[in-house]
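Okay, structure first, notes after.
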Amino acid sequence: MDNRFSAPDDLTPSDGNSFPADGGLEQADLPAYDDPSDAELRLDSDGYQVRADADEPQEDAPDAEPDDGQHVFYTNAADIGRMPAKQRSTGRKVGRGFAIAGKIIVAVALALAILVGGLLGYLTVTEYNPAYAEVAEPGTVSATQKLATIDIKLLTFNTGYGGLGEDADFFMDGGSSVNPQSKSVVTDNMIGIEGILREADADFVMLQEVDDDSARSFDMDQWRQYEHDLEQYETRFALNYSCDYVPYPLTEPIGKVHSGIATYSKYDISVATRYSLPCPFSWPTRTANLKRCLLVTRIPLENDEEHELVLINFHLEAYDDGEGKAEQTEQLLKLMQEEYAKGNYVIAGGDFNQTFADTRDVYPIKSTTEWVPSSLGELPTGWSYAYDPVTPTCRLLNQPFHAGSSKTQYYVIDGYILSPNVRLNDVQTLDEGFVYSDHNPVLLSVSLLPFSDDDANGENTEDAENTEHSENTDESAAEPTASDEP
């Protein structure tokens, strides 16, 4: 097919020339120019008209387009006018693409800023800020019997909210897990914990890490569940972790946490108070962090209306630089001394998150890159720690529990402090093999000594000297330790 342009016979160009008979333009039909600047025109490969001498080098002309298909970058308006249409179109598309991408990035950044700001605002507004002293929450069981005996048994146990049994690790300790895998894991651990509590049959039980409405324990009310199942204990509960949404770790947030410490008593509780401890964290970290406390429970005595047995349940700071623990321990000791000065018997039990110094040789620190507790300091004259240096009370959650693994790290960080008028008879860590929690319970047997006016001034501590006592008949086990030196 002939694609040359043809015109009707009656169509004459405006310049007076006529079209060739065959309708096609030939080179001879083009006008002749004498001026070199008016050289004949031709069509280049891109369809643009250029002078015949365009192939000759010119001073201001852009470089020729590479044969390899790469783009030529033009530097002035005149050159851009000579840019091929296809290349100009591609450039405009690339420019529009960058503009759109920029807008998307800005929009995403703005959305993230709004989200983060909104979350921080919400956590700040809803931050748990308890008063220094608050009445502890009571359970549903009431015990009417007053304490009439001088010989009592206590048990302290960090239950790990039923989620930190033998198969657990934890991201804060060098592991990878955040929350328990299933509700059945938590339920099975709680059943095992209840079995330990029943067998110990202590007069008083002090539990730590007890959830009452947390995503990690599938919203179970563990505090009241233990009360209901154990039946014979009156209880008090104090929150030390209350946050509607813990946003870390970012890949798998912990979520809602409402947890605390709980004290269980076979005897009447006259009053129980939650005392706030110093928080070592600043905003915004503190908004989704624990607010540590002391749960002080007062037990009236049958034949002594002037004095009380004062039990202090605690769970001190874990993931700080050590200063928070030290300050909290100082406040604990101050409160204990104030109660002792009133003529009361004082026993504090719980999780120090600090080691008793002489246990470092028994369970040395294997790696300083993971969690390392600080050491407890000395106590005032007449006061004593009560702990079992032989059996570990805690393991590091860097991996599921393997007793023979070289990476398994043990600690002795759970125990008691006794006032000078409380005599240690026996203290033993119950080796439960970390099946139901990352801690082992510690069982204590003590006697309440007759009180004299001089005791409050520390002048009569003969019966409460910091010596070792044991009712343990197992010769292979070491004596329990009560010492005014850590």
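Condition test on Val390, is it at pLDDT 95 or above and touching a helix residue (DSSP H, G or I) at 6+ places or on another chain (Cβ under 8 Å)?
Criteria not met by Val390.
Kindly provide the set of residues from segment 220-231 that are of a type in the set (D, E, K, R) and assigned to a helix (DSSP H, G or I), ordered by number.
Selection gives Arg224, Glu227, Asp229.
Sort out which residues of segment 239-274 are closer than 19 Å to Val178 by Cβ and part of a loop (DSSP other than H, G, I, E, B), and write them in order of number.
Pro247, Tyr248, Pro249, Leu250, Thr251, Glu252, Pro253, Ile254
Mind checking whether some residue in segment 130-144 is touching a strand residue (DSSP E or B) at 6+ places or on another chain (Cβ under 8 Å), in a helix (DSSP H, G or I) and of a type in the set (A, V, I, L, M, F, W, C)?
no
Which one of Thr369, Thr381 is farther than 29 Å from His307 by Cα and out of contact with any Phe, Trp or Tyr (no Cβ under 6 Å at 6 or more places or on another chain)?
Thr369
Of all residues in segment 275-301, which are touching a Phe, Trp or Tyr at 6+ places or on another chain (Cβ under 9 Å) and not in a strand (DSSP E or B)?
If the condition is that a residue be touching a Phe, Trp or Tyr at 6+ places or on another chain (Cβ under 9 Å) and not in a strand (DSSP E or B), then Leu277, Thr287, Ala288, Asn289, Leu290, Lys291, Arg292 are the ones that fit.
Give the residue that is modelled with the lowest pLDDT, with candidates limited to residues of segment 204-219 that are buried (at least 19 other Cβ atoms within 10 Å of the Cβ) and part of a loop (DSSP other than H, G, I, E, B).
The qualifying residue modelled with the lowest pLDDT is Asp212.
Can you tell me how many residues within segment 166-192 are assigned to a helix (DSSP H, G or I) and within 21 Å of the chain's Cα centre (by Cα)?
The qualifying residues number 6.
The values are calculated or read from the model by the stated rules, or taken from the named source; none is laboratory data. Nothing here was measured: the structure is a model prediction, and the numbers come from that model. Using ideal geometry, Cβ is built from the backbone for each residue, glycine included, and neighbour counts are taken over all protein chains shown.
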